[in-house]
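A short worksheet on the structure shown next.
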Amino acid sequence: MKRLLSLSALLLFFVMGAIAQESHNYIMKIQKKDTLLSIPVTMIDSIYFVDNPSAGDLTFDIDVSNITAGDANIVITPSDDLTPYYYSITDSIGRDNRDNNYNGSWYELEVGWWSYLAGVYGMTWQEVAKQFLVTGEHTANIEEDYGGRLMWDTPYIVYCFGMDNDGNLTSDIAEEEFRTAKPIPSDNKITVTIKEEQSDGALIDVATTNNDTYFIDCQKTSYVDYYLEKYNGSKEQMFYNFFSSLRTQVNDQYFHNGNQTDLKAKALTPDADYYIIICGFSDGPTTDIQLIPFHTAAQ
């Protein structure tokens, strides 16, 4: 008849038997419900017990350092290296969504998002959430975790909470707020000359006084004017709103250095009013934001 031993008794039996009968080929068997694990004694170097933290025992240290206009070094250190947890980075829009729609709970907000993904992929929200859990000390990757560079002069929140594979909270929710820096101004003087208005943009020359990076794009006059009116004529607020919507799509084609000849400022609509938007840029505007009007040619 098979005799079931408690884990402690089994361990004692194994240790004593292994000492007395080193020549035997023992197998350690551990059973939990319907799962039976068999481990040859020769494969075991040591056996020890560690405390498994109870719900609420897990705490976090969130350290935010090296904050610039577009980045920050974020290190999350849990009090226990074995317990899985979830973390995220968001801005004031995410906090407002939490407060207005999820009872002020980051956990409920994330469950809502995981539930949406579960419906898309035919999974349970717990199965989705499990894929985002981490253990041990973790350094956040801004590009991956936030989907691109941070916005300048903006408050952000890092939050985290312990969670098991069944979706149960195993800690209080920890959070840390920080604010990105303002861009460092540049003394670059940028001059744009429109050489030809074309149906898909404008051919321009750009003259600069140094090699600092600058940003250039075209947007319809109606779009720009709407946000200028909304922000009482503030080009800085207009540009912030514009760039935040563009943030995840920005690539090298928007940025240039030094003098440029026959540069194409691209537009989408023929026979329409546009602005060329140009300014120095290093994780945010570093010079005055210029709005240069032109009209695309008819096809």
**Request:** Collect residues whose amide H, placed 1.01 Å from N in the peptide plane, falls under 5 Å from the amide H of ALA272; neighbours closer than 5 in sequence don't count.
**Result:** THR296
**Fill in**
Karplus-derived 3J(HN,Hα) from phi for region 104-116 (6.51 cos²θ - 1.76 cosθ + 1.60, θ = phi - 60°), whole Hz, x at Gly and Pro, runs x, 10, 4, 4, 5, 4, 5, 4, x, 5, 5, 5, 4
**Fill in**
With label points set 7 Å from each Cα along the Cα-to-Cβ direction at ASN100 and THR261, the distance between them in nm comes to 5.2
**Prompt:** Per 5 Å bin from zero, what fraction in whole % of the C-alpha pairs of region 197-248 is there, up to the bin with the longest pair?
**Reply:** 4, 14, 21, 19, 21, 17, 3
**Request:** Please report, in debye to the nearest 20, how large the charge dipole of region 187-244 is about its Cα centre when each Lys and Arg carries +1 at its beta carbon and each Asp and Glu carries -1 there.
**Result:** 140
**Prompt:** Each residue of region 257-266 in turn: what ³J(HN,Hα) in whole Hz from Karplus with 6.51, -1.76, 1.60 and θ = phi - 60°, glycine and Pro shown as x?
**Reply:** 9, x, 5, 10, 10, 6, 7, 8, 8, 7
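How do the peptides 132-141, 248-257, 89-98 rank, highest first, by the average count of neighbouring beta carbon atoms within 10 Å per residue?
Values: 132-141: 13.5, 248-257: 11.4, 89-98: 15.7.
Sorting 132-141, 248-257, 89-98 by mean packing, highest first, produces 89-98, 132-141, 248-257.
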**Request:** Quote the accessible area belonging to CYS218 in square angstrom, nearest 10, computed with a 1.4 Å probe and with ligands, DNA and RNA left uncounted.
**Result:** 10
**Fill in**
Sorted by chain and then number, the residues having a modelled amide H within less than 5 Å of the amide H of ASP153, at least 5 places away or on another chain, are THR180, ALA181, LYS182
**Asked** Translational D (Stokes-Einstein, µm²/s) of region 54-139 at 4 °C and 1.567 mPa s when Rh comes from the Kirkwood sum over C-alpha pairs?
**Response** 88
**Prompt:** Quick one: how many Å² of TRP152 are accessible to a 1.4 Å probe, rounded to 10?
**Reply:** 20
**Complete:** Expressed in µm² per second, the diffusion coefficient of region 173-216 from the Stokes-Einstein equation, with Rh the Kirkwood radius over alpha carbon pairs, at 25 °C and 0.890 mPa s, is 173
**Cross-link pairs beyond the 32 Å C-alpha cut-off, checked among LYS130/LYS220; LYS182/LYS230; LYS182/LYS220; LYS189/LYS266; LYS130/LYS182** = LYS130/LYS220; LYS130/LYS182
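If you place +1 on the Cβ of every Lys and Arg, -1 on the Cβ of every Asp and Glu, and leave all else neutral, what size is the dipole of region 85-184 about its Cα centre, to the nearest 20 Debye? Provide the component values of the computation, followed by the final result.
Working: 6 positive and 17 negative charges, 52 e Å.
The dipole magnitude comes to about 240 debye.
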**Request:** Quote the accessible area belonging to SER282 in square angstrom, nearest 10, computed with a 1.4 Å probe and with ligands, DNA and RNA left uncounted.
**Result:** 70
**Item:** Positive-pole candidate from ALA129, ALA202, PRO183, dipole of region 101-215, charges at beta carbon
**Value:** ALA202
**Prompt:** Can you run phi through the Karplus equation (6.51, -1.76, 1.60; θ = phi - 60°) for region 143-157 and list ³J(HN,Hα) in whole Hz, with x for Gly and Pro?
**Reply:** 4, 7, 6, 10, x, x, 5, 6, 7, 6, 6, 9, x, 10, 10
**Asked** How many nm is it between the label spots at LEU228 and LEU82, if each spot is 7 Å from the Cα in line with the beta carbon?
**Response** 6.4
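The values are calculated or read from the model by the stated rules, or taken from the named source; none is laboratory data. Bear in mind that the values here come from a model prediction, so they are computed numbers and not experimental data. So basically every Cβ, Gly included, is an ideal-geometry build from the backbone, and we count neighbours across all protein chains shown. Areas reflect the complete protein model, heavy atoms only, side chains present, ligands, DNA and RNA absent. Shrake-Rupley method; radii C 1.70, N 1.55, O 1.52, S 1.80 Å.
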